[in-house]
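Worksheet: the structure to be examined is printed underneath.
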Amino acid sequence: MSVSQVDDRFLWTLTWVAGQRWRSSVKLQTRTESRITDFDGYLDTIVERIDLRTNTVVASQRFDRWFSGFTGAGEVWSYREDDDGIGRIDVFRLRLQSLR
């Protein structure tokens, strides 16, 4: 879904996959339309860091949360609404551990 290259060595990627609660996160509105009511339940995000010199994934983590995109080097953002319907943007700094 999104990529971020900070330097010549590493590339960060965000990939959206179905969350474990995806079915309960979709509400049928009419016979032909539905609405996602909980993006954190509907989508999980896999974040990977790729070493461009060796073309290998050096870190990978699946998050039970929907990250929308990158805000900067190793930072992602996510949108959510509170119980009153007020929108919030959360920003997270990623700290992935190496697979090696």
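Here, each number is a calculation from the coordinates, and none is a lab measurement. Model, not experiment: these values are computed from the prediction. FYI the Cβ positions are ideal-geometry reconstructions off the backbone, even for glycines, and counts take in every protein chain you see.
Overview of results
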| quantity | calculated |
| --- | --- |
| Peptides ranked, highest mean first, by Cβ atoms within 10 Å: ranges 53-63, 70-80 | 70-80, 53-63 |
| Stretchable slack from residue 51 to residue 8, in nm (0.36 nm times residue separation minus alpha-carbon distance) | 14.6 nm |
